[in-house]
Each structure stands twice: as C-alpha cells, then as structure tokens.
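Reading through the structure tokens given below for one structure.
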Amino acid sequence: MNLIDKFHNWRRRLRWNKQYRKGRWDNLRNPIEAERYNTIINYIKTHAKSEPSILDLGAGEGVLNEYINAENFSYFLGMDFSDVSIQKAKAKNFPKAEFVTADIHTYTPSQKFDVIIFNEAFYYVHDSEKQNVLDRMLAHLTDEGILIVSIYREGTGCWEYFDKMKQLDFTTVKTNEEKTYWKIGAYKQ
Ligand SMILES: C[S@@+](CC[C@H](N)C(=O)[O-])C[C@H]1O[C@@H](n2cnc3c(N)ncnc32)[C@H](O)[C@@H]1O
C-alpha cells in the first residue's frame, strides 16, 4: 500500500472503533446472521481435524465464539485491527480463546493453524495486498488445514483468489430478504 492507502486504512480503523463503541455492529447477533456462523462451524466439524486450532481474521467482538462450542477446538485466536472490538471480545472470557489487535495487512501469525477463517473480512483487504495477505495466511495453515471464507453477497473481486485451491464445500446462505445472503466456501491447499 502506498502512503495514501495507509492513511485511508488508518482512518477506516478509527471508523470501525467508533462504530464498535456505538454498538453499530450489535446487529451481527441478530438471528438472521445465525446460519452464517453455523455454516462456518459445520464446515469446521466436517472438514477439519478434530479439536483444531482456529485463527479468525477480522474477528470483531468474537461473535463466532458465541456460537461455537469450546469442545470443538483446542485453541482459538481472534484478531482484528479495531482495539475496541478486541477489548469487547476479551471481556467475554471465552474458553480456550485469545484475542489480539493487529492489522491484517501486516499481521504474521506466530504459529500454524488447522483452520483459518476470513469471516466477512477478506473484502476489507486492500486490492494490492489481497494475494500477499492470502499467501501469508496459507503459509500458516497446517498440511491438512482448511481455509474458510464467508463473503456478503457476490464478493466481486474476491472469490478468484481462492480458485487455485481445492474447494471442499460451497454454500449460499439465503434469508427472507432477497439482497441479504452470504457465500461461504471451505478450501484446502
Ligand atoms: C463485518 S465485520 C465482521 C466481524 C466478524 N468476523 C463477524 O463476522 O462477526 C468486519 C471486521 O473486519 C475488521 N477489519 C477490517 N479491516 C481490517 C484490517 N485491515 N485488519 C484487521 N481487521 C480488519 C473490522 O474491524 C471488523 O471487525
């Protein structure tokens, strides 16, 4: 990213912090979102090794942890560049889970994971960095590890990055609202 892109990224982080402070993202807990989280959890149960380690990129307030039973994983690391959302996630004391503040553009995981998740996060990666970020995360996936990607609506300019991977699953989670749907894929290297 050039200097101007970095500046915009910094401003976006401040905006996310402000929105999390105001409760703007409380709607992620609405029942309409539940099937999205449950689809991700089913992919983990179906395609990952048992009790995997999980890295959730752009984890926000840790809403996925509100759905996933801690018996289904050995360790969960959520990261997000909004320190406000990370503080909220930490305050919930989810079992076997840790949360860190980091920017996805520069974040290098300190270990390998069995499951890496971009849950409504990949489209926020700057276009010039999408391939770099994906490659860096894939380098931290265990040999049998899986990548899970959830993207709101069509995800134009995103899905092609996962074409080279082996697709294990792909679903469109629909709702009663025509324009509210998510595409969710599971992949292996
Ligand atoms: C729509 S929210 C999804 C939150 C969570 N994955 C969920 O589904 O409950 C997108 C999240 O991506 C985070 N995000 C956006 N850009 C980011 C970046 N450059 N680095 C890390 N996190 C980022 C935001 O702070 C926000 O928490």
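Hey, could you check segment 68-96 for residues that are open to solvent by less than 70 Å² (accessible area, probe 1.4 Å) and polar (S, T, N, Q) and say which is modelled with the lowest pLDDT?
Going through the qualifying residues, I end up with ASN72.
With the requirement that a residue be more than 29 Å from THR156 (Cβ to Cβ) and over 14 Å from the mean Cα position of the chain (by Cα), what does segment 90-113 give you?
If the condition is that a residue be more than 29 Å from THR156 (Cβ to Cβ) and over 14 Å from the mean Cα position of the chain (by Cα), then LYS90, ALA91, LYS92, ASN93, PHE94, PRO95, LYS96, ALA97, GLU98, SER110, GLN111, LYS112 are the ones that fit.
Name the one entry in ASN65, ASN9, ASN38, ASN30 that is over 26 Å from HIS140 (Cβ atoms) and either open to solvent by less than 80 Å² (accessible area, probe 1.4 Å) or near the ligand (Cβ under 10 Å from one of its atoms) (or both).
ASN30
Any residue in segment 27-38 that's more than 18 Å from THR171 (Cβ to Cβ): show its pairings with residues that are within 9 Å of the ligand (Cβ to nearest atom) and assigned to a helix (DSSP H, G or I) at Cβ separation under 7 Å, as long as the two are six or more apart or on different chains.
Short answer, once both residue conditions are applied: LEU28/VAL63; ARG29/VAL63.
Where in segment 62-172 are there helices (runs of 4 or more DSSP H), lying wholly inside it, with at least 3 residues that are of a type in the set (A, V, I, L, M)?
83-91, 130-138
With the requirement that a residue be farther than 21 Å from TYR37 by Cβ and touching a strand residue (DSSP E or B) at 6+ places or on another chain (Cβ under 8 Å), what does segment 155-189 give you?
MET165, LYS166, LYS188, GLN189
If you go through segment 45-57, how many residues are open to solvent by 30 Å² or more (accessible area, probe 1.4 Å) and in a loop (DSSP other than H, G, I, E, B)?
Residues flagged as open to solvent by 30 Å² or more (accessible area, probe 1.4 Å) and in a loop (DSSP other than H, G, I, E, B) within segment 45-57 amount to 3.
Which numbered condition trips up THR101, out of (1) within 12 Å of the ligand (Cβ to nearest atom); (2) within 28 Å of THR172 (Cβ to Cβ); (3) open to solvent by 10 Å² or more (accessible area, probe 1.4 Å); (4) of a type in the set (Ser, Thr, Tyr)?
Of everything listed in (1) within 12 Å of the ligand (Cβ to nearest atom); (2) within 28 Å of THR172 (Cβ to Cβ); (3) open to solvent by 10 Å² or more (accessible area, probe 1.4 Å); (4) of a type in the set (Ser, Thr, Tyr), THR101 misses just condition (2).
The values are calculated or read from the model by the stated rules, or taken from the named source; none is laboratory data. These numbers were taken from a predicted model, which means no experiment stands behind them. Heads up, the Cβs are rebuilt from the backbone with ideal geometry, glycines too, and the neighbour counts pull from every protein chain shown. All accessible areas refer to the heavy atoms of the entire protein, side chains included, with ligands and DNA or RNA removed. Shrake-Rupley method; radii C 1.70, N 1.55, O 1.52, S 1.80 Å.
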